[in-house]
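First up is the structure itself, then whatever we jot down about it.
The values are calculated or read from the model by the stated rules, or taken from the named source; none is laboratory data. Because the structure is a prediction, the values reported are computed rather than measured. Neighbour counts run over all protein chains shown; Cβ positions are idealised from the backbone, glycine included.
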Amino acid sequence: MKLLFKQRFFSWLDSYDIFNENGETVFTVKGQLSWGHCLKIFDSVGREVGTVKERVFTFLPKFEMYLGNSYVGCISKEFTLFKPAYNIDCSGWHVEGNFFEWDYDIYSQGGEHIASVSKEIWNWTDTYTIDVTDPEDCLQALMLVLAIDAEKCSRNS
């Protein structure tokens, strides 16, 4: 299943629309005013289904992920010199990507491919394509992409 992750152009807080291959809205992400990033994820009918929240006052950026109100894991930036790396404590997944962090893959602990993520670089706003192998993993894959994008945004500001 392919998802198109597109940041809204005019928004005071982080806001994204996530579309499927047919151009239908699957998820909407709305930033909340808080210390650090707090992104609420809503399904196509407006129900809150997930949250990505930055934990503040940590040495390196760390983001907690929630499905509904249930904690499902976190992603934290690892200290590296050249190639960005992340420690993922969620479903046994790990991320492998390129130097610029525009294209990366998500794998299970056993090496099974979960999703491919690629950033379209010639757009006014952040736009990603997320190709998820199993549609059941869409929401968690989206949360990882949101956390990595938020971390890059924090680092660059």
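Quick one: count up the residues across region 109-130 that are within 24 Å of Tyr66 (Cβ to Cβ), surrounded by 14 or more Cβ atoms within 10 Å (Cβ to Cβ) and either modelled with pLDDT of 85 or more or of a type in the set (Phe, Trp, Tyr) (or both).
5
Out of all the residues in region 39-67, which are loosely packed, with under 12 Cβ neighbours inside 10 Å and modelled with pLDDT of 90 or more?
Hits for region 39-67 are Val45, Gly46, Arg47.
Can you name every residue in region 38-96 that is small (Gly, Ala, Ser) and either closer than 24 Å to Glu24 by Cα or in a strand (DSSP E or B) (or both)?
Answer for region 38-96, where residues must be small (Gly, Ala, Ser) and either closer than 24 Å to Glu24 by Cα or in a strand (DSSP E or B) (or both): Ser44, Gly46, Gly50, Gly68, Ser70, Gly73, Ser76.
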